[in-house]
1. Consider segment 136-165. How many of its residues are at negative phi and more than 17 Å from the chain's Cα centre (by Cα)?
2. Residue 244: in contact with a helix residue (DSSP H, G or I) (Cβ under 7 Å, 6 or more places away or on another chain) and buried (at least 19 other Cβ atoms within 10 Å of the Cβ), yes or no?
3. I'm told residue 262 meets every condition in (1) part of a helix (DSSP H, G or I); (2) modelled with pLDDT under 90 except one. Can you identify the failing condition by its number?
4. Here are 210, 194: which of them is within 23 Å of residue 123 (Cβ to Cβ), touching a strand residue (DSSP E or B) at 6+ places or on another chain (Cβ under 8 Å), assigned by TED's automatic domain parsing to the domain that holds residue 145 and surrounded by 13 or more Cβ atoms within 10 Å (Cβ to Cβ)?
(Lines give C-alpha, C1' and ligand atoms only; values in the text may rest on other atoms or scores of the structure.)
Protein backbone atom coordinates (compact mmCIF):
# COMPACT_ATOMS: atom_id res chain seq x y z
CA UNK A 1 0.00 0.00 0.00
CA UNK A 2 2.93 2.33 0.69
CA UNK A 3 4.18 1.82 -2.88
CA UNK A 4 0.83 2.94 -4.26
CA UNK A 5 0.88 5.94 -1.91
CA UNK A 6 4.30 6.90 -3.28
CA UNK A 7 2.93 6.73 -6.84
CA UNK A 8 0.07 9.00 -5.79
CA UNK A 9 2.55 11.49 -4.31
CA UNK A 10 4.57 11.42 -7.57
CA UNK A 11 1.33 12.14 -9.43
CA UNK A 12 0.62 15.16 -7.21
CA UNK A 13 4.17 16.46 -7.71
CA UNK A 14 4.60 15.89 -11.43
CA UNK A 15 1.11 16.19 -12.89
CA UNK A 16 -0.86 18.33 -10.43
CA UNK A 17 2.10 20.60 -9.50
CA UNK A 18 0.89 20.90 -5.92
CA UNK A 19 2.98 22.83 -3.39
CA UNK A 20 5.29 21.00 -0.97
CA UNK A 21 3.02 21.81 1.99
CA UNK A 22 -0.06 20.44 0.20
CA UNK A 23 1.76 17.25 -0.80
CA UNK A 24 3.02 16.83 2.77
CA UNK A 25 -0.57 17.07 4.05
CA UNK A 26 -1.81 14.49 1.52
CA UNK A 27 0.95 12.07 2.47
CA UNK A 28 0.25 12.48 6.19
CA UNK A 29 -3.53 12.00 5.75
CA UNK A 30 -3.28 8.92 3.52
CA UNK A 31 -0.57 7.40 5.73
CA UNK A 32 -2.88 7.77 8.72
CA UNK A 33 -5.65 6.03 6.76
CA UNK A 34 -3.30 3.19 5.77
CA UNK A 35 -2.29 2.69 9.42
CA UNK A 36 -5.99 2.45 10.30
CA UNK A 37 -6.51 -0.18 7.59
CA UNK A 38 -3.60 -2.21 8.97
CA UNK A 39 -5.22 -2.15 12.41
CA UNK A 40 -8.37 -3.47 10.71
CA UNK A 41 -6.29 -6.27 9.11
CA UNK A 42 -6.90 -4.88 5.60
CA UNK A 43 -3.97 -5.09 3.20
CA UNK A 44 -5.63 -4.06 -0.07
CA UNK A 45 -7.49 -0.85 -0.98
CA UNK A 46 -9.92 -2.97 -3.02
CA UNK A 47 -11.20 -4.53 0.22
CA UNK A 48 -12.24 -1.21 1.80
CA UNK A 49 -15.99 -0.54 1.90
CA UNK A 50 -18.13 2.42 2.93
CA UNK A 51 -18.46 1.18 6.53
CA UNK A 52 -14.69 1.27 6.99
CA UNK A 53 -14.62 4.92 5.91
CA UNK A 54 -17.32 5.73 8.46
CA UNK A 55 -15.40 3.86 11.18
CA UNK A 56 -12.22 5.81 10.29
CA UNK A 57 -14.05 9.15 10.50
CA UNK A 58 -15.60 8.11 13.81
CA UNK A 59 -12.17 7.23 15.18
CA UNK A 60 -10.88 10.66 14.14
CA UNK A 61 -13.72 12.34 16.04
CA UNK A 62 -13.06 10.23 19.15
CA UNK A 63 -9.38 11.16 18.92
CA UNK A 64 -10.29 14.86 19.19
CA UNK A 65 -9.80 16.00 15.58
CA UNK A 66 -11.80 19.12 14.68
CA UNK A 67 -14.25 19.27 11.76
CA UNK A 68 -11.78 21.23 9.62
CA UNK A 69 -9.04 18.59 10.03
CA UNK A 70 -11.46 15.72 9.41
CA UNK A 71 -12.84 17.47 6.33
CA UNK A 72 -9.30 17.83 4.93
CA UNK A 73 -8.52 14.15 5.60
CA UNK A 74 -11.75 13.07 3.90
CA UNK A 75 -10.89 15.24 0.89
CA UNK A 76 -7.42 13.64 0.75
CA UNK A 77 -8.92 10.14 0.83
CA UNK A 78 -11.46 10.97 -1.87
CA UNK A 79 -8.72 12.34 -4.14
CA UNK A 80 -6.60 9.27 -3.44
CA UNK A 81 -9.44 6.87 -4.30
CA UNK A 82 -10.17 8.80 -7.48
CA UNK A 83 -6.51 8.22 -8.40
CA UNK A 84 -6.79 4.50 -7.52
CA UNK A 85 -9.79 4.11 -9.81
CA UNK A 86 -8.14 5.98 -12.70
CA UNK A 87 -5.05 3.76 -12.42
CA UNK A 88 -7.20 0.60 -12.11
CA UNK A 89 -5.96 -0.33 -8.63
CA UNK A 90 -9.65 -0.67 -7.72
CA UNK A 91 -12.75 -1.55 -9.79
CA UNK A 92 -15.22 0.77 -8.01
CA UNK A 93 -14.90 3.83 -5.79
CA UNK A 94 -16.67 3.49 -2.41
CA UNK A 95 -15.22 6.87 -1.31
CA UNK A 96 -17.76 8.64 -3.55
CA UNK A 97 -20.40 7.98 -0.89
CA UNK A 98 -18.51 9.71 1.93
CA UNK A 99 -20.11 12.93 3.15
CA UNK A 100 -17.56 15.64 3.97
CA UNK A 101 -18.13 16.97 7.52
CA UNK A 102 -19.64 20.47 7.49
CA UNK A 103 -17.23 23.07 8.83
CA UNK A 104 -18.80 25.82 10.99
CA UNK A 105 -18.46 29.09 9.10
CA UNK A 106 -16.00 31.44 10.76
CA UNK A 107 -15.70 35.00 9.53
CA UNK A 108 -12.10 36.11 9.06
CA UNK A 109 -10.58 38.70 11.36
CA UNK A 110 -9.65 42.01 9.70
CA UNK A 111 -8.48 45.52 10.61
CA UNK A 112 -10.11 48.88 10.04
CA UNK A 113 -8.23 51.33 7.87
CA UNK A 114 -7.36 53.40 10.95
CA UNK A 115 -5.86 50.31 12.58
CA UNK A 116 -3.73 49.68 9.49
CA UNK A 117 -2.51 53.29 9.69
CA UNK A 118 -1.67 52.84 13.37
CA UNK A 119 0.63 49.94 12.52
CA UNK A 120 2.24 51.82 9.63
CA UNK A 121 2.66 55.08 11.56
CA UNK A 122 4.93 53.72 14.29
CA UNK A 123 7.98 55.98 14.88
CA UNK A 124 10.70 55.66 12.25
CA UNK A 125 13.99 54.05 13.23
CA UNK A 126 17.22 54.54 11.30
CA UNK A 127 17.93 50.88 10.54
CA UNK A 128 17.54 48.59 7.53
CA UNK A 129 15.53 46.15 9.71
CA UNK A 130 12.90 48.80 10.38
CA UNK A 131 12.69 49.61 6.66
CA UNK A 132 12.31 45.88 5.95
CA UNK A 133 9.53 45.48 8.51
CA UNK A 134 7.62 48.53 7.25
CA UNK A 135 7.95 47.30 3.67
CA UNK A 136 6.61 43.86 4.66
CA UNK A 137 3.50 45.39 6.26
CA UNK A 138 2.95 47.77 3.34
CA UNK A 139 3.20 44.99 0.74
CA UNK A 140 0.93 42.56 2.63
CA UNK A 141 -1.77 45.21 2.90
CA UNK A 142 -1.23 46.62 -0.61
CA UNK A 143 -1.36 43.28 -2.46
CA UNK A 144 -3.09 40.74 -0.19
CA UNK A 145 -0.45 38.09 -0.93
CA UNK A 146 0.10 35.11 1.35
CA UNK A 147 2.99 35.10 3.82
CA UNK A 148 4.70 32.29 1.89
CA UNK A 149 4.39 34.25 -1.33
CA UNK A 150 5.95 37.28 0.36
CA UNK A 151 8.84 35.26 1.80
CA UNK A 152 9.65 33.91 -1.68
CA UNK A 153 9.59 37.26 -3.49
CA UNK A 154 12.73 37.95 -5.52
CA UNK A 155 14.10 41.19 -6.95
CA UNK A 156 13.33 39.91 -10.44
CA UNK A 157 9.64 39.59 -9.47
CA UNK A 158 9.24 43.36 -9.11
CA UNK A 159 8.40 45.49 -12.14
CA UNK A 160 9.26 48.91 -10.72
CA UNK A 161 8.39 50.83 -13.90
CA UNK A 162 4.84 49.44 -14.25
CA UNK A 163 4.25 49.06 -10.48
CA UNK A 164 3.55 45.33 -10.68
CA UNK A 165 4.76 42.23 -8.84
CA UNK A 166 4.87 38.60 -9.98
CA UNK A 167 3.75 36.09 -7.36
CA UNK A 168 4.03 32.31 -7.40
CA UNK A 169 1.01 31.01 -5.49
CA UNK A 170 -0.51 27.64 -4.64
CA UNK A 171 0.14 24.91 -7.17
CA UNK A 172 3.06 27.01 -8.47
CA UNK A 173 0.58 29.19 -10.37
CA UNK A 174 1.85 32.67 -11.19
CA UNK A 175 -0.19 35.85 -11.07
CA UNK A 176 0.67 39.49 -11.74
CA UNK A 177 -0.54 42.00 -9.16
CA UNK A 178 -0.54 45.80 -8.94
CA UNK A 179 1.32 47.30 -6.00
CA UNK A 180 0.45 50.69 -4.51
CA UNK A 181 2.93 53.58 -4.58
CA UNK A 182 3.41 53.72 -0.76
CA UNK A 183 4.29 50.00 -0.71
CA UNK A 184 6.56 50.32 -3.75
CA UNK A 185 8.37 53.36 -2.32
CA UNK A 186 8.80 51.56 1.00
CA UNK A 187 10.24 48.55 -0.85
CA UNK A 188 12.70 50.70 -2.82
CA UNK A 189 13.87 52.41 0.37
CA UNK A 190 14.48 49.04 2.02
CA UNK A 191 16.27 47.49 -0.99
CA UNK A 192 18.70 50.41 -1.09
CA UNK A 193 19.69 49.77 2.54
CA UNK A 194 19.54 45.97 2.84
CA UNK A 195 22.94 44.41 3.70
CA UNK A 196 23.30 41.54 1.21
CA UNK A 197 22.85 43.03 -2.26
CA UNK A 198 23.57 39.71 -4.01
CA UNK A 199 20.81 37.65 -2.34
CA UNK A 200 18.00 36.92 -4.84
CA UNK A 201 15.27 36.88 -2.18
CA UNK A 202 14.10 40.35 -1.14
CA UNK A 203 13.39 40.04 2.57
CA UNK A 204 16.41 39.01 4.61
CA UNK A 205 17.26 38.16 8.21
CA UNK A 206 20.24 39.51 10.14
CA UNK A 207 22.48 36.88 8.51
CA UNK A 208 21.61 38.12 5.02
CA UNK A 209 19.50 35.03 4.20
CA UNK A 210 15.83 34.65 3.23
CA UNK A 211 13.42 35.62 6.00
CA UNK A 212 11.20 32.70 7.07
CA UNK A 213 7.41 32.77 7.24
CA UNK A 214 7.58 32.36 11.03
CA UNK A 215 9.87 35.41 11.30
CA UNK A 216 7.44 37.47 9.22
CA UNK A 217 4.60 36.41 11.55
CA UNK A 218 6.66 37.57 14.54
CA UNK A 219 7.31 40.94 12.87
CA UNK A 220 3.58 41.53 12.29
CA UNK A 221 2.78 40.55 15.86
CA UNK A 222 5.51 42.86 17.22
CA UNK A 223 4.28 45.97 15.39
CA UNK A 224 0.62 45.33 16.11
CA UNK A 225 1.46 45.16 19.84
CA UNK A 226 3.58 48.32 19.65
CA UNK A 227 0.73 50.17 17.92
CA UNK A 228 -1.68 49.17 20.72
CA UNK A 229 -4.15 47.19 18.60
CA UNK A 230 -6.20 44.91 20.82
CA UNK A 231 -6.60 42.13 18.24
CA UNK A 232 -4.63 39.12 17.14
CA UNK A 233 -2.89 40.33 13.97
CA UNK A 234 -1.14 37.93 11.58
CA UNK A 235 -0.01 38.18 7.95
CA UNK A 236 -3.30 36.47 7.05
CA UNK A 237 -5.19 39.22 8.92
CA UNK A 238 -3.67 41.73 6.50
CA UNK A 239 -4.74 39.52 3.57
CA UNK A 240 -8.30 39.48 4.94
CA UNK A 241 -8.09 43.24 5.48
CA UNK A 242 -6.95 43.82 1.89
CA UNK A 243 -9.93 41.87 0.49
CA UNK A 244 -12.48 43.39 2.86
CA UNK A 245 -11.39 46.97 2.17
CA UNK A 246 -11.58 46.42 -1.59
CA UNK A 247 -15.12 45.04 -1.39
CA UNK A 248 -16.19 47.78 1.03
CA UNK A 249 -15.19 50.30 -1.62
CA UNK A 250 -17.10 48.60 -4.41
CA UNK A 251 -14.58 46.21 -5.99
CA UNK A 252 -16.04 43.35 -8.04
CA UNK A 253 -15.88 39.95 -6.30
CA UNK A 254 -14.30 38.32 -9.39
CA UNK A 255 -11.49 40.90 -9.37
CA UNK A 256 -10.80 40.23 -5.69
CA UNK A 257 -10.77 36.49 -6.46
CA UNK A 258 -8.09 37.05 -9.12
CA UNK A 259 -6.00 39.25 -6.82
CA UNK A 260 -6.11 36.72 -3.97
CA UNK A 261 -5.35 33.79 -6.27
CA UNK A 262 -8.44 31.80 -5.25
CA UNK A 263 -9.36 28.96 -7.60
CA UNK A 264 -13.05 29.10 -6.67
CA UNK A 265 -15.29 32.13 -6.25
CA UNK A 266 -16.90 30.42 -3.22
CA UNK A 267 -13.63 30.87 -1.30
CA UNK A 268 -13.73 34.61 -1.93
CA UNK A 269 -17.43 34.90 -1.04
CA UNK A 270 -16.61 34.65 2.67
CA UNK A 271 -15.68 38.34 2.46
CA UNK A 272 -19.14 39.33 1.25
CA UNK A 273 -20.47 38.28 4.66
CA UNK A 274 -18.29 40.95 6.23
CA UNK A 275 -19.55 43.69 3.92
CA UNK A 276 -23.18 42.59 4.42
CA UNK A 277 -22.70 42.75 8.20
CA UNK A 278 -21.34 46.27 7.84
CA UNK A 279 -24.31 47.31 5.66
CA UNK A 280 -26.74 45.94 8.25
CA UNK A 281 -24.93 47.81 11.00
CA UNK A 282 -25.10 51.11 9.07
CA UNK A 283 -28.74 50.52 8.17
CA UNK A 284 -29.72 49.94 11.80
CA UNK A 285 -27.73 52.98 12.87
CA UNK A 286 -29.13 55.50 10.38
CA UNK A 287 -32.57 54.33 9.18
CA UNK A 288 -35.38 55.81 11.35
CA UNK A 289 -37.51 52.67 11.14
CA UNK A 290 -34.87 49.95 11.21
CA UNK A 291 -36.07 48.63 14.57
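1. Looking only at that region, the number is 12.
2. yes
3. (1)
4. Working: 210 fails: within 23 Å of residue 123 (Cβ to Cβ).
Selected residue: 194, the only one of 210, 194 that is within 23 Å of residue 123 (Cβ to Cβ), touching a strand residue (DSSP E or B) at 6+ places or on another chain (Cβ under 8 Å), assigned by TED's automatic domain parsing to the domain that holds residue 145 and surrounded by 13 or more Cβ atoms within 10 Å (Cβ to Cβ).
Quick grid of which residues meet (1) within 30 Å of residue 167 (Cα to Cα); (2) assigned by TED's automatic domain parsing to the domain that holds residue 173; (3) in a helix (DSSP H, G or I); (4) in contact with a strand residue (DSSP E or B) (Cβ under 9 Å, 6 or more places away or on another chain):
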site	(1), (2), (3), (4)
7	yes, no, yes, no
33	no, no, yes, no
58	no, no, yes, no
68	yes, no, yes, no
71	yes, no, yes, no
82	no, no, yes, no
85	no, no, yes, no
91	no, no, no, no
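The values are calculated or read from the model by the stated rules, or taken from the named source; none is laboratory data. As the structure is a computational prediction, the values presented were derived from the model and not from experiment. In this analysis, Cβ positions are derived from the backbone assuming ideal geometry, glycine residues included, and neighbour counts consider all displayed protein chains.
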